[in-house]
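The values are calculated or read from the model by the stated rules, or taken from the named source; none is laboratory data. For clarity, every value in this text was computed on a predicted model and none was experimentally measured. Cβ coordinates were reconstructed from backbone atoms using ideal geometry, including for glycine residues, and neighbour counts include every protein chain displayed.
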Amino acid sequence: MLIKIEDQQAVASLIAYIEELNHKPTGVWGLLAVQRANLETMTQDKFIIFIKPALEDATGAKVFFAGDTEIYILWSGVQKTVLQQLTNVITKSLLRADIASPAVDMMQYYDPKLQGNEIIAMLRSKPKDKPAEDSHKAAAEVLFMPSDVEMQKFRQQQQLQSKRTMFKVLIVEDQLFSRQLLYEVLRGTYMVEASPNLKDAWKLFLEHAPDIVFLDIELADGNGHTLAQQIKTLAPSTYVVMVTANHGLNDVQQAKQNHVDGFIAKPFSNQKIQTCLDKYLSVRPAMLAKVSSS
Amino acid sequence: MNTSVDLTNLREMTGNDAALEKELFNIFLITAAESITILRNSCEPDATEAWRKAAHALKGISLNLGAEGLGKLCEEAQDSATAMQDKKQAMLADIEAEHMRVEGFLTNL
């Protein structure tokens, strides 16, 4: 049975577990420490799904997510086979695509029975884990911090907004099927850019200063509401339409708080999209006038 | 008659472009298979977020395709991410059966 232990208690739980193993040595154990910096950004659940097959030969396993810096995989049963399988899956499937050669200390194997005290000393020397929520918030702040060059380019594009004869549309949707469908419907009539995630969407937004943004709420690297808030803060004249397959009241309330302009529930339809675009045309002069006067 | 998929809305959006439809169907089949694999690997109680996200993803593309039945089953699964393993497995079986009907419909067009 694979058990997941997370948040700021992860290192403390791991130390307690190793201390227990040292006092009551039963069976064979292995511990692999993995640095998160070289891995693709992914949820804990996705990480578990990937490593699960590699742990098939283990008789038991626990995964400790220590903040945003390390993941510790502790397992019982055969050491070498499991270690080899874990190393294979991590290096072949979970490494960040932009890393040509991973850091040599990216993974460190320990034998808890032979190196128990050494591991505990190593774990105790680590800075206290940051609560996950804080580190996510910090990451979001960095994500939405435009450089001076990006801001300059954005302002140039924004000044051209009122003169555009063909509107620019940005689609932010993580599902290729839905993204492609919306893209095909809009291209030809509009200049369309599309992104599957928040990070690239923010870059495209700054680069093109689109008039309209169709923004999915659940994205792989975060929540669409966060981007909506950033867009409406930086450029209130951007017409933001939230797109979702959920019908939660929380999403509607969050969208209202962010002053977004529309809401489309999936499935898409020509009529729903056209209604949004017609509404944008009717409010566009007032939106642009408001911005230029401020 | 197979009523798993109603393509009326999708065809209105694509303007009856057969090549585009074919491309979209391929994308749907690949993505749906990926989501089902994640669901299959997330039946254990500790994999709630992976289960919920996979169900949500499959729901969205199913609704946009016109596979309302599959969309509804996925919505139920999404809302039951914290359910016990046996309930998740039963929901998964329903999703797999409906997915097969949708797949059969799309590949026989």
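Where residues in segment A:235-253 are buried (at least 22 other Cβ atoms within 10 Å of the Cβ) and of a type outside the set (A, V, I, L, M, F, W, C), which of them is farthest from the other protein chains (Cβ to nearest Cβ)?
A:T238
Looking at segment A:35-50, which of the residues that are buried (at least 17 other Cβ atoms within 10 Å of the Cβ) and either in contact with a Cys (Cβ under 7 Å, 6 or more places away or on another chain) or away from chain B (no Cβ under 11 Å) (or both) is modelled with the lowest pLDDT?
Residue satisfying both the conditions and the ranking: A:N38.
Hey, can you tell me all the residues within segment A:167-215 that are within 11 Å of chain B (Cβ to nearest Cβ), under 25 Å from A:Q254 (Cβ atoms) and either among the charged types (D, E, K, R) or in contact with a Pro (Cβ under 6 Å, 6 or more places away or on another chain) (or both)?
A:E173, A:D174, A:R179
For a quick check of your reading: which helices (runs of 4 or more DSSP H) sit entirely within chain B and have at least 2 residues that are at the interface with chain A (Cβ under 10 Å from one of its Cβ atoms)?
Once the helices (runs of 4 or more DSSP H) in chain B are filtered for at least 2 residues that are at the interface with chain A (Cβ under 10 Å from one of its Cβ atoms), what remains is B:8-14, B:18-40, B:48-65, B:68-79.
Tell me the residue from A:A97, A:A121, A:A37, A:A61 that is small (G, A, S), closer than 30 Å to B:T37 by Cα and part of a helix (DSSP H, G or I), please.
One residue alone meets the criteria, A:A37.
Go through segment A:65-92 and give me each residue that's out of contact with any helix residue (DSSP H, G or I) (no Cβ under 6 Å at 6 or more places or on another chain) and farther than 26 Å from A:N22 by Cα.
A:N88, A:I90, A:T91, A:K92
Return the pairs, sorted by first residue and then second, in which the second residue is of a type in the set (F, W, Y) and part of a helix (DSSP H, G or I), the first residue lies in segment A:147-174 and is without any contact (Cβ under 8 Å) to a residue 40 or more places away in the chain, the beta carbons are less than 6 Å apart, and the residues are 6+ apart or on different chains.
none
Test of understanding: among A:K272, A:K256, A:K279, A:K232, which residue is within 14 Å of chain B (Cβ to nearest Cβ) and not aliphatic (A, V, I, L, M)?
One residue alone meets the criteria, A:K272.
I'd like to know if segment A:222-240 contains one or more residues that are modelled with pLDDT under 90, on the phi > 0 side of the Ramachandran plot and not charged (D, E, K, R).
Yes - at least one qualifying residue is present in segment A:222-240.
All but one of (1) among the β-branched types (V, I, T); (2) part of a loop (DSSP other than H, G, I, E, B); (3) farther than 17 Å from A:L288 by Cα hold for A:I171; which doesn't?
Just one mismatch for A:I171, condition (2).
Which pairs have Cβ atoms under 7 Å, sit 6 or more apart or on different chains, and link a residue in segment B:90-109 that is within 14 Å of B:L39 (Cα to Cα) to one that is acidic (D, E)?
Filtered contacts from segment B:90-109: B:M91/B:E76.
Out of all the residues in segment A:255-294, which are within 30 Å of B:G69 (Cβ to Cβ) and in a helix (DSSP H, G or I)?
A:A255, A:N270, A:Q271, A:K272, A:I273, A:Q274, A:T275, A:C276
When you scan segment A:170-221, how many residues do you find that are surrounded by 19 or more Cβ atoms within 10 Å (Cβ to Cβ) and more than 26 Å from B:L20 (Cα to Cα)?
Residues flagged as surrounded by 19 or more Cβ atoms within 10 Å (Cβ to Cβ) and more than 26 Å from B:L20 (Cα to Cα) within segment A:170-221 amount to 6.
Do you know which of the residues in segment A:221-254 that are assigned to a strand (DSSP E or B) and among the polar types (S, T, N, Q) is nearest to the chain's Cα centre (by Cα)?
A:N223
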